[in-house]
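A.B. asks: My questions will all concern the structure given below.
The values are calculated or read from the model by the stated rules, or taken from the named source; none is laboratory data. In this text, all values refer to a predicted model and were calculated from it rather than measured experimentally. Because the Cβ atoms are built from the backbone with ideal geometry, glycine has one as well, and the counts that use them run over all protein chains shown.
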Amino acid sequence: MGVSENIKHFLSNEIPSNVKLIAVSKTKPVETILEACKSGHKMFGENKVQDLADKYNELPKDIEWHMIGHMQSNKVKYIAPFVSLIHGVDSFKLLKVINKEGLKNNRKIDCLLQFHIAKEETKFGLDLSEAVEFLSSEEFKNMNYVNICGVMGMATYTENEDTIRSEFRELVHIFNQLKNTYFSNSEFKEVSMGMSGDYKIAIEEGATMIRIGSLLFGARNYTK
Ligand SMILES: *Cc1c(COP(=O)(O)O)cnc(C)c1O
């Protein structure tokens, strides 16, 4: 099957209609993404700012671009004018820069707070106490150009399903805590978790967005 058929098949057979699919096109050329668009699907994710900006420039403007990777704050400006959702906000510093760039572009930028739920030290993310600290601050309350829509996390890369499940549960727990305390508004509603290897568990545990790459596009070749 081609990538467009893969996406259609995935949408109609693998996920409930209330779960959003972010098709992770990182490392794939624009031709492949155009092919993928034939499915009618318009939500794509990239993990590098430069690639995201290049692909945005080259591809149809009705694509919704999701930034799913770790970001340096000095690069926010390249995607601030168009990005649909920034999944990986893992510091207050980054959030402040996004707010500043939102102001410059006169748009409110949708973001998710990324939490560190995996056992692996290499993964990025906040812990709950860090988030609570800045969410309680006056400075945060005065930020008018960011819209925090929910949380994001990555589980440990492991075969052990119990580990993955408990990490996803932790993320949902964090989501609920924050929702009750800081975000009683309905815009705080997304839980972005689950990739090709663990999306089924993520959906069972309450994901509202899953980020799927290799299952749709085939294995990535990093030597390009
Ligand atoms: C690459 C990536 C994905 C997709 O990974 P697959 O295993 O190919 O589905 C999801 N989320 C993030 C943050 C990624 O970097």
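A.B. asks: Check every one of the helices (runs of 4 or more DSSP H) wholly within the stretch 117-224 and list those with 3 or more residues that are within 29 Å of Thr27 (Cα to Cα).
C.D. replies: Working: elements: 128-135, 138-141, 161-181, 199-204, 214-217.
Of the helices (runs of 4 or more DSSP H) lying wholly inside the stretch 117-224, those with at least 3 residues that are within 29 Å of Thr27 (Cα to Cα) span 161-181, 199-204, 214-217.
A.B. asks: Now for a different question. Take the residues of the stretch 98-124 that are among the aliphatic types (A, V, I, L, M) and farther than 21 Å from Tyr182 by Cα: which is farthest from the chain's Cα centre (by Cα)?
C.D. replies: Applying the first criterion (among the aliphatic types (A, V, I, L, M)) to the stretch 98-124 yields 98, 103, 109, 112-113, 117-118.
Filter once more, keeping what is farther than 21 Å from Tyr182 by Cα: 103, 118.
Details: Leu103: 22, Ala118: 16 Å.
Filtering first and then ranking leaves Leu103.
A.B. asks: Using the structure shown, decide if Asp51 is within 13 Å of the ligand (Cβ to nearest atom), over 20 Å from Leu113 (Cα atoms) and touching a residue at least 24 places away in the same chain (Cβ under 8 Å). Reasoning before the result, please.
C.D. replies: On the way: within 13 Å of the ligand (Cβ to nearest atom): yes; over 20 Å from Leu113 (Cα atoms): yes; touching a residue at least 24 places away in the same chain (Cβ under 8 Å): yes.
It is true that Asp51 is within 13 Å of the ligand (Cβ to nearest atom), over 20 Å from Leu113 (Cα atoms) and touching a residue at least 24 places away in the same chain (Cβ under 8 Å).
A.B. asks: Counting just the residues of the stretch 131-154 that are touching a strand residue (DSSP E or B) at 6+ places or on another chain (Cβ under 6 Å) and not aliphatic (A, V, I, L, M), which one comes out surrounded by the most Cβ atoms within 10 Å (Cβ to Cβ)?
C.D. replies: Going through the qualifying residues, I end up with Gly153.
A.B. asks: Within the stretch 80-93, track down each residue that is part of a loop (DSSP other than H, G, I, E, B) and out of contact with any Phe, Trp or Tyr (no Cβ under 6 Å at 6 or more places or on another chain).
C.D. replies: Let us first name the residues in the stretch 80-93 that are part of a loop (DSSP other than H, G, I, E, B), namely 80-84, 90-91.
Scanning the stretch 80-93 gives Ala80, Pro81, Ser91.
A.B. asks: Could you check the stretch 13-79 for helices (runs of 4 or more DSSP H) lying wholly inside it with 3 or more residues that are closer than 13 Å to Val3 by Cα?
C.D. replies: Working: elements: 30-37, 49-58, 76-79.
Those helices (runs of 4 or more DSSP H) span 30-37.
A.B. asks: Out of the stretch 190-224, which residues are under 22 Å from Val89 (Cβ atoms), more than 9 Å from the ligand (Cβ to nearest atom) and either loosely packed, with under 13 Cβ neighbours inside 10 Å or in contact (Cβ under 8 Å) with a residue 60 or more places away in the chain (or both)?
C.D. replies: Residues satisfying the conditions are Glu190, Ala207, Thr208, Met209.
A.B. asks: Scan Gly88, Gly102 and give me the residue that is within 15 Å of the ligand (Cβ to nearest atom) and either under 19 Å from Gly194 (Cα atoms) or small (Gly, Ala, Ser) (or both).
C.D. replies: Working: Gly102 fails: within 15 Å of the ligand (Cβ to nearest atom).
One residue alone meets the criteria, Gly88.
A.B. asks: Run down Gly150, Gly102, Gly88 and say which single residue is in contact with a Lys or Arg (Cβ under 7 Å, 6 or more places away or on another chain) and farther than 14 Å from Ile174 by Cα.
C.D. replies: On the way: Gly150 fails: farther than 14 Å from Ile174 by Cα; Gly88 fails: in contact with a Lys or Arg (Cβ under 7 Å, 6 or more places away or on another chain).
Being in contact with a Lys or Arg (Cβ under 7 Å, 6 or more places away or on another chain) and farther than 14 Å from Ile174 by Cα holds for just one of Gly150, Gly102, Gly88, which is Gly102.
A.B. asks: To continue, here is another question. Consider Ile164 against the criteria (1) within 16 Å of the ligand (Cβ to nearest atom); (2) modelled with pLDDT of 95 or more; (3) closer than 18 Å to Val89 by Cβ: it satisfies all of them except one. Which criterion is unmet?
C.D. replies: Here Ile164 clears every test but (3).
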